[in-house]
Every structure is written in C-alpha cells, then in structure tokens.
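Data block below; observations after.
The values are calculated or read from the model by the stated rules, or taken from the named source; none is laboratory data. Everything quoted here is computed from the prediction, not taken from an experiment. Here the Cβ positions follow ideal geometry from the backbone for every residue, glycine too, while neighbour counts run over all protein chains shown.
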Amino acid sequence: MRPFEFIKPDSEASAIELLGKLSPNVRILAGGTDYLVDLKHTADVPKTVMDISRLPELKGIDEVDDGLRIGAGVTHTEIMQNPLIKKYAPAMIHAAHTIGAVQTRNLGTIGGNLVTCVPSMDSGPTLVALDAEVNIVGKDGTRRISLTDLFVGPRKTSLKSNELLTEIIIPKRSLGKPANFYKFGLRKGQALALVNAASSLWIKGGCFKDLRISIGAVAPVVIRCLKAEKYLEGKKIDEKLVKEAGNIAVTEAKPIDDFRASQSYRNDLIAVLVTRTINAAIDLADKD
Amino acid sequence: MKNGVGQPVTRKEDPKFLMGRGRYVDDIDLPDLAYGFVLRSIHANAKIRSINTSEAKALPGVIGILTGDDYVSDGLGVIHAEINPNLLKGEAIQYPHAALVREYVKCVGAPVAFVVAETQSIAKDAAEIIEIDYEILESATDLSKVRSGNTPIVWEGMKSNVSFTYGMGDAEKVAAAFSDSAHIVKSTVVNNRITTNAMEPRCSIGIFEPGEEKFTLYSSNQRPNNARQAIANEIFEISEAQLRVISPDVGGGFGMKGSFYGEDVLVLWAARKYSRPIKWNSERSESFVTDSHARDVISDCEMSFDADGKVTGLRVHADYNIGAYVAPGGSISPMWFTLLLSGVYRIPAVEVVTRCHFTNTISTAPYRGAGRPESAFILERLMDMASNQLNIDPIEIRRKNLITSDEMPYQTALMFSYDSGEFIEIMDEAVKEANWSEFEERKKESESKGKLRGIGLACYLEGAAPFNERMEIRFDSGGTVTVVAGTHSHGQGHETIYSQMVSDFLGVPYESVHLVQGDTDKVPMGRGTVGSRSITVGGSALRLASDEVIEKGKKIAGHLLEVSPEDIEFNNGTFSVAGTDKSIDITEIAKRSHTPVMWPGELGMGLEGVGVFQSGPGNFPNGCQIAEVEVDAETGKVTLENMVIVGDVGTVINPLLLGGQIHGGLTQGIGQALFEDVVYEKNGGQLLSASFQDYTMPRADDLPFYDITSHPVPTKQNPLGVKGAGETGTVGAPPAVLNAVINALQSKGVTDIEMPATPEKIWLALRKAA
C-alpha cells in the first residue's frame, strides 16, 4: 500500500467543498469495512482519502415530515438498536443483523453499504421494498432520487465523484408496512448472500396492495421484481399465486454462475426466498 | 483430592490468555528488528525465465532481497519428508525443495523471493515491484483427474505423478474372501480438501549472534526440538548446539504447525546475512496459500459380506494428494490412514494400497486426525451403504461386526493389535443417549413442518500416542516444582493437567507446579505435541519422573531420619518411617537437598527426577457419535439438531479439559462435513477459496450443544490408563454427520453425497433423484 493523503473534515459543508476541489482523485472512507480491505490490495491507491465517519450531519435517525430519515453514517448496530426503526421498519433490523460480524456492524454504515453497491448488499432489498429514497448533496445543493436509481452496476452508483450520499428516507406511506427480509448464505453469520430478498405489502379486502418485491445478489444490482409484483397486485391472497410470483421473480433476475453457487441453484433460491418473504409479510399484515 | 487427577480443574493458563497477556511470536519485539516478506508464485505451474530485483532493491528501506539462486550459492540444504520404509511399496520419489524455489514454481504460493526491509510495509511495496518473467505451464490440481492419469506431469522427467505408495494387508486373502462372499458393497469415497486456519497465523523470528556463531529461532511450532534437529542438520549443517528454537505461546497447531516451514529457514538465513534479527509474520490470506492443507483423498473401496451380514474382506485403493512439494510431515497422514483401515471391526482380510500424488497444489500434511478421519470415514460410509443394500438396520450391522470386549486383545488383519475397548457397549450407550428409539416421532414432527430429518452414527477408532517422551521434575530450594516437558502445549492446557498430576503424585500444592516447555536450550530432548500423545506419553513419563523423585526422596529421608531407605514410606508429600511418628515433608527435603552438609555422596544435590516413557504400540481411543439433522429440501440447508458422542479415552485426568478437546474436535469434524472446502480452479490452478469469505469456517450459531459422555476403558499400555483425547472428536464427526444427512435424503432416493454437504449439493442431489 502506497502513501496517500488523509483528510477528515468536521462538517458536511466542508466535506462537500473538499470533495469539489479534490474529485476525482479522492476516495471516501466511512466505516471502512469494505474500503480498507480494498485499499490493502489495490494497485490503484488514491491521492487522498477523506474520512466522513465523524460528520454530525450524517448521524441520527429521526421522524421527519415526509417519513423516516436515516443518516448515511448510521451504523448497522445503531439500526439494530433504534426504537424508531423497530417501530416503523423492523425488517431492517433483521437485515442489519445479517451483515458481517459484530465488529463489522459496529463500524459499517448503511450509506457505505449502499454506495459500495455490491449486488449482495444486505441493506438493499428491504430499503427497496420500502420505496426508500436517498438525498445526495453536491456543490449545487441537494437532490433526491429513488434508491433503485442509485444503483447502476456492481460497485457502480449514479453518484458523481463530487457528491455525497447523506440521508436515506423511508417515505411516510411505507412506515409500519409489513415487510420481511430473508438472506441465504453458506452459514448463519459472516457470510455473503447467495441470494437475499425482501417483500412488503398491505392487505386490503383480502387482496394484495402495494406489493413490493426486491432481490439481491442475483443481478448486477439489487432489483425490484416488477413483473412478480404486478402479477399479485390486487389479487386475493393465495398460496399458489405467491408461489407463482416466486417463479416470475426468477425470470426478472440474471444470477451469475460461479464456484460459490450455480445459476440454476440461485434461480431456485430466488423462487423460494421470494415466496417465503411474501408469506412472512402476509403473516405480519392486518387481514381486514 | 482438590485439583488432583480426575478433577474438573479450570485452566491455569486461562487468565493469561483471556486477558491478552499471552506472548506469541509476533508479540516479541527486538532492538534493530527488520521484517521479511515472501513474494510468492501467482501461478500453479510455471517456469521462471528471469527475476529482476534491481528496482525493488533500490527502494529506500530495503535491506536485501534473496532468491532461489542465492539459496543455492549460499549452500543451504533442502526440505524433505521421511517415508516409512515398512509400508513403502516400490520406490519413493521426492523433489526436496529449498526455502526459495528456483527455475520452476509448482503451486500458487510457492516462495520465490524473500524481501527484507526496515518495515513490513516497505518489504511488501518492494515485493510489488520485483519483476518476474514466468512461462506459464499447464497444471494439475484436481485429484480426481490426477488419479486417472489424465493431467500433465507435475515434475518433468517423471513417468507419472505418483511420489510414493504405501501398502498393507493381504491381497490374495481379500480376493478369496470376495469370491466367497454373498454381497460386495462398492463405493468411491471422497474426502474433501480442507485447511486448518489456526487462530494464530504462523510467525517466525530469526536471530544470529556472530560472536557465538549461534542462531535463535522463534517459531510458532508444535515440535521445537524436531525443528532444531532438522534445520541444524539438514539446512545449515551446523551442530544442534548452534541453534536454539523457542516456541513461546502458540495459538493453535492442529498438526499444521507440527513441522518447520521454509520461512523458519528464511528468517535465520537473512538474520545471518544482514546481521539483523528478522521477523516474518503470515497474514491470514497468506496462510491460505502457505499453511499445509489436509485430507484430499479419493478411495475406491469394496467391502464383502457373508449371507449373515458379517464383513469378510475389505479392499481400499486410495489416492492422496500430497501437493507439489512433499512437506516434512507429508507422509504421515497416508501412513495412519493405511494402518487403521480395520477400524473397530472384525475384518478377516484387508488390503490397502495408498498412492500419493504430486499435484500443483500446496503441500498437504497432518491436520487434526491425520489419516484417522479418512479411514474412519470410509468404514462408516461403507457400513451405512451395506445397511442400505443388505437391508439391515445400521445399528445391527455394526453390532454384527464390531470387535467385542471379549476378543481383546484383538490382532487386526493389518499391523495393530488393540489392547482394550468396549465398542458395542459404547454404541449402545450412544444410541440410548441420542434417544434413537423415538427418532421416527421427531421425524414426523419435522415432516409436518415440511422438513426432512435424518439420523446417523459412526463407530470409530484411532491410533494415538506415538513415540517416546522425556519429562523432568525439578524442585527448587523453596519447594516449588518445575516440570521440564518434552511436549508442547499450544492451547491444550498442559500446565494445568501436569500440575494436577504432580500434585497428585508428589503431594505438593497444585499452585506450586510450573511448566517449562518450548525452548530447546531449556528442554534438552522432546518430541513435541502431535497425534494425541502428550498426556499419555508425556504424562506417563511424568509418572516415572515422579517415581524417581520419590526414590531419591526416600534415600534422603532415610539419611535424615537415620533409618534405611527401605523403611521409608511416601504418602501425599510426606516421607515417614514405617510404624513411627517420625516424618519429613517433601518440600523440606527439597530445601535441604540444595545445600547438603556432610551428606553421603550418592545422595547428590537437589531433588529431581527424569522419566522416559516408551509408548510401544500406542493406544486406541474410540467412540460412537450420533448426529441428527433437519434438512430444508427447498434450499438444501442442513441444520445439525443434535450431536452425541460417547467416547473412550481411558482414564480421565481432567473432564473439563477433555470436554474442551472433544468440543473443538467435533467442531472441526462437523466443519469438514458441512461447511469447509478448499477449492482450486479446475484449469488455471488458482486457489478460489482463499479467504474466510469463501472458506466457510463453522460458527457457534451453526452448531448445537454437544451431548458428551465419557466411557473410560483404561488402557494397559501406560501406567495412567489414559488414551489420546485430542483427535477423537474430529475422527468420528464427518461420517456421523454425513450418514445423518444421507439418511434424511434417503426417502427421496439419494444414496450418497460428498463432503461438505453444502445446501447446493443437497439441492442438486434431490433434483437428480427426483
């Protein structure tokens, strides 16, 4: 590892300013659980590393007018322990719990997990299923986009090199929405997802309403299964239909085939996990 | 007796380790210390056309860079293995290797250059800019292809990739048994490749004192005296007095640290060359490509039965992957494997042929069990297959064939004669403990949740306690006792257990016994710790050393109490004159023996004893393990619901420490059965499972609480009655777990599955069977 310059701004404003000046020769460090591992092995050592782990603006989880605001610098452990998350989006706690080990969760941040943008990220599917949006700050101000628009490809987001992801917003309509996350790895903890999935739904008059299905590790980015959602939307709750939705979700994915798992196995897991997350969300929902 | 033999004494070592006060090699800092980094091959098989180190040498902070050419010009010796001549069939071909290779690299991770610098970072940066021109050659990593002869030859000039072949038994007798048999069970049994992952990665420091012309090596090694012998005689050709090897606290060995490695040589060589102490510390990712791997055996097996379900013969033709370079311990696992293929069973005729192949992979060498798990796995898989094919209950088919306690001592058709064991009683106890009779109800309950459930057992035996050992007991003038041990504790808790023994044998307080180990200047002889040997061989030597102390004490007491030594009795720390109230305490004798005044010369000076114990044929720890699993048929995920072990490790010195050994051993066995797998790229020869991301070590939450019962049948092979305890968990767990998994899948038509039984393999097997 070659020497690099290390800077640690103390406010969001100064971070944005520095980013404007130094980009694209700067890399951002938050929890470091992904980036420090990369940095040790990469030949492409940046000129500057900017540590944003202490920016106060990136901290905290609060109820705001349009929903629930989660600072990008919030750690997975903080998510697991937060009463507002427990009240409004408990599936996120389950998802956070499957990330790495205790030490990883203590340091790793939700924003970091999203912008690192590996297909198997465990924060992604639940947030996508809850229609989450993100605030991105650059020198020209703040823009808000849907989380699915952040993801471009493996390790590639729509963030510009002079922008910072600062907040995740779960919209008001998704707060308290029955949702479930399921991760399938090679063991319970400290494992990479072979497939992960999340579903959220309301039940109105015995029928699916606002169903969202999201899957990870089976496409270049975490995706929404729009066809499967559409197939069930408005239909009466029925085990067979849910199973069919699982099969439809398979057609929306493009899993890789490698020594960790074959494509056909991952496909089968998609169907199983989608079915299970929908059924688990149904169990959580009010049935009137 | 408090803290005596048989008591569940907590470990003396624990406060130190739990509070971070251990002193491992990497904790040792020295003035002027420089750091070494090994540049390794990134190719599985390649010719080195050239190495250019000039730019790297010019980097500020670089002290020097050594290559294979320097190794040769400095006249250093090569590393090789001892092949057991009693088992060898035909010739053995080794390509003894230097600590730095030249001309060719034969596996990913092979050491090409040693960079020495002021810091480890500088050494790594310099290594990055060394230019090596490789001519990439085709490689052979997959044992299934290698054994069929369908791969390139690893070492040019050889006709095949076979390095050596071990054989045992009587082929003609087996052929006769097969022709008379009612049924033959055939299977190709695969034992997957695994790696140790000791908590402490390997680390070495080399020091050279030019004045004394003496080397000191700090190394995380299980057998420092062996390392001294080999490195002094074979590598540097110096007297052993010129090399001191110190193995301080070592964070797990499991056989993987049982022999010295090339890096031990490199730090010593560089220390002499650059007149600086040199440290090399393996990183975790480096340990995946440099620590010896293990298992990786494929065996064609046939077992014949008579009409009654009794085994009449066994033929095993096995192929071992020993890697590109034969490691110093590379022939040990094939040896134990070959010798133990009768297991706990009465098998009148056995034939074993074990071919050991070169491949373009890292060397394989002992890892907890070392050949014993491989042989037990074969026997227990064959038993379950026979149970299936002959339609005999798995417990009953074993009952028909297990050697009974009445048949002891039992001479197997191979080399060993077993002195003791109650195999049937132990199986029955395990079956009861596992509540086998109510399994069907538990199965129905699982089925009601949409899950499959299976139960499987393994009866097994292993050979423990090789070689001889020497132990010394010394009293100082204050009455404190030092045990100078030829064994080496690297997590086992020897200080605790030896203190229990000495306290029991000599009546001194447990607290006043201390252990000296792991330093060849302090421990003149010793065989270290491998093969479940320390408490059996070392402990027995300690008993003999105690006896010598007592004999000596009696002479001194006789002198002091003015009676003949024959009239002195020793009991619980006190020497007394029979039939009188005259007595003297052992600590008082120790005190006076250091400053004797007007004593007869034959009483000597000090109070000490040396014991040497020769283990003879060793002993045969055995047991029965029963695993119960639930399988999610949709995903293939196995949940281990219950794990029972009833084990015979002879007399139990400390049940708490025994429990620790069993826990660790079971976990490593279950790890192999369900999770762990070393995977090489099929064609390019890269190691794919090269980090914890893909090499799946089991975690506590993947495992149930273990149900551990001790069923001691003391051995007569040593004065303590103890059998080895270190490996028994690992030997039985893989077949027990696999048999349970296959039992769960049986109703779906699955009859076999390879380790590790990962979700995808199970999913695939279920799909194929459907």
Could you say whether any residue in the stretch A:220-238 is within 22 Å of the chain's Cα centre (by Cα), under 29 Å from B:P756 (Cβ atoms) and within 14 Å of another protein chain (Cβ to nearest Cβ)? no
Do we find a residue being away from every other protein chain (no Cβ under 11 Å) and not in a helix (DSSP H, G or I) anywhere in the stretch A:258-276? no
Can B:G664 be described as surrounded by fewer than 22 Cβ atoms within 10 Å (Cβ to Cβ), at pLDDT 95 or above and either of a type in the set (D, E) or in contact with a Gly (Cβ under 8 Å, 6 or more places away or on another chain) (or both)? yes
Pull up the stretch B:242-286, narrow it to residues that are among the small types (G, A, S) and touching a strand residue (DSSP E or B) at 6+ places or on another chain (Cβ under 8 Å), then point me to the one that is surrounded by the fewest Cβ atoms within 10 Å (Cβ to Cβ). B:S275
Could you tell me whether B:P712 is surrounded by fewer than 19 Cβ atoms within 10 Å (Cβ to Cβ), in a loop (DSSP other than H, G, I, E, B) and either in contact with a strand residue (DSSP E or B) (Cβ under 7 Å, 6 or more places away or on another chain) or not assigned by TED's automatic domain parsing to the domain that holds B:D384 (or both)? yes
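Table: residues versus (1) outside the structural domain of B:I397 (by TED's automatic domain parsing); (2) not hydrophobic (A, V, I, L, M, F, W, C).
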site: B:Q229; (1), (2): yes, yes
site: B:I235; (1), (2): yes, no
site: B:P248; (1), (2): yes, yes
site: B:E283; (1), (2): yes, yes
site: B:D300; (1), (2): no, yes
site: B:F305; (1), (2): no, no
site: B:G309; (1), (2): no, yes
site: B:V316; (1), (2): no, no
Among the residues of the stretch A:37-76, write down those that are within 14 Å of chain B (Cβ to nearest Cβ), under 26 Å from A:E17 (Cβ atoms) and either not in a loop (DSSP other than H, G, I, E, B) or not charged (D, E, K, R) (or both). A:D38, A:L39, A:V45
Only one of A:A228, A:A271, A:A280 that is surrounded by 15 or more Cβ atoms within 10 Å (Cβ to Cβ), touching a Phe, Trp or Tyr at 6+ places or on another chain (Cβ under 9 Å) and either within 21 Å of A:A193 (Cα to Cα) or in contact (Cβ under 8 Å) with a residue 40 or more places away in the chain (or both): A:A280
All but one of (1) under 30 Å from B:Q242 (Cα atoms); (2) surrounded by 17 or more Cβ atoms within 10 Å (Cβ to Cβ); (3) among the hydrophobic types (A, V, I, L, M, F, W, C); (4) touching a helix residue (DSSP H, G or I) at 6+ places or on another chain (Cβ under 9 Å) hold for B:M501; which doesn't? (1)
Which one is surrounded by the most Cβ atoms within 10 Å (Cβ to Cβ) among residues in the stretch B:640-660 that are out of contact with any Pro (no Cβ under 7 Å at 6 or more places or on another chain) and over 16 Å from B:D707 (Cβ atoms)? B:I653
Of these, B:Q746, B:Q686, B:Q693, which one is surrounded by fewer than 21 Cβ atoms within 10 Å (Cβ to Cβ), touching a Leu at 6+ places or on another chain (Cβ under 8 Å) and not assigned by TED's automatic domain parsing to the domain that holds B:A46? B:Q693
Would you confirm whether or not the stretch B:146-155 contains a residue that is closer than 30 Å to B:N233 by Cα and in contact (Cβ under 8 Å) with a residue 24 or more places away in the chain? yes
Where in the stretch B:1-109 are there strands (runs of 3 or more DSSP E), lying wholly inside it, with at least 3 residues that are touching a helix residue (DSSP H, G or I) at 6+ places or on another chain (Cβ under 6 Å), surrounded by 13 or more Cβ atoms within 10 Å (Cβ to Cβ) and assigned by TED's automatic domain parsing to the domain that holds B:L266? B:34-40, B:62-67
Name the single residue that is surrounded by the most Cβ atoms within 10 Å (Cβ to Cβ) among those in the stretch A:173-190 being more than 7 Å from chain B (Cβ to nearest Cβ) and of a type in the set (G, A, S). A:A179
Given the structure, is B:G721 touching a residue at least 40 places away in the same chain (Cβ under 8 Å), away from chain A (no Cβ under 14 Å) and crowded, with 24+ Cβ neighbours inside 10 Å? no
Would the stretch B:462-469 turn up any residue that is touching a helix residue (DSSP H, G or I) at 6+ places or on another chain (Cβ under 7 Å), part of a loop (DSSP other than H, G, I, E, B) and of a type in the set (F, W, Y)? yes
Can you pull out the residues in the stretch B:481-524 that are polar (S, T, N, Q) and touching a Lys or Arg at 6+ places or on another chain (Cβ under 7 Å)? B:T482, B:T496, B:S499, B:T520
Tell me which of these B:V523 doesn't satisfy, since it passes every other one: (1) out of contact with any strand residue (DSSP E or B) (no Cβ under 6 Å at 6 or more places or on another chain); (2) of a type in the set (A, V, I, L, M); (3) closer than 27 Å to B:V25 by Cα. (1)
Can you go through B:V722, B:V741 and tell me which one is at pLDDT 95 or above and within 30 Å of B:V612 (Cα to Cα)? B:V722
Looking at the stretch B:515-533 only, could you name the residues that are free of Cβ contacts under 8 Å to residues at least 60 places away in the same chain, part of a strand (DSSP E or B) and either farther than 23 Å from B:L658 by Cβ or not assigned by TED's automatic domain parsing to the domain that holds B:V483 (or both)? B:V516
If you scan the stretch A:191-200, which residues turn out to be within 13 Å of A:A261 (Cβ to Cβ) and either more than 14 Å from every other protein chain (Cβ to nearest Cβ) or under 16 Å from the mean Cα position of the chain (by Cα) (or both)? A:L192, A:A193, A:L194, A:V195, A:N196
One residue from B:R244, B:R272, B:R228, B:R284 being touching a residue at least 24 places away in the same chain (Cβ under 8 Å), among the basic types (K, R) and closer than 30 Å to B:L687 by Cα: B:R284
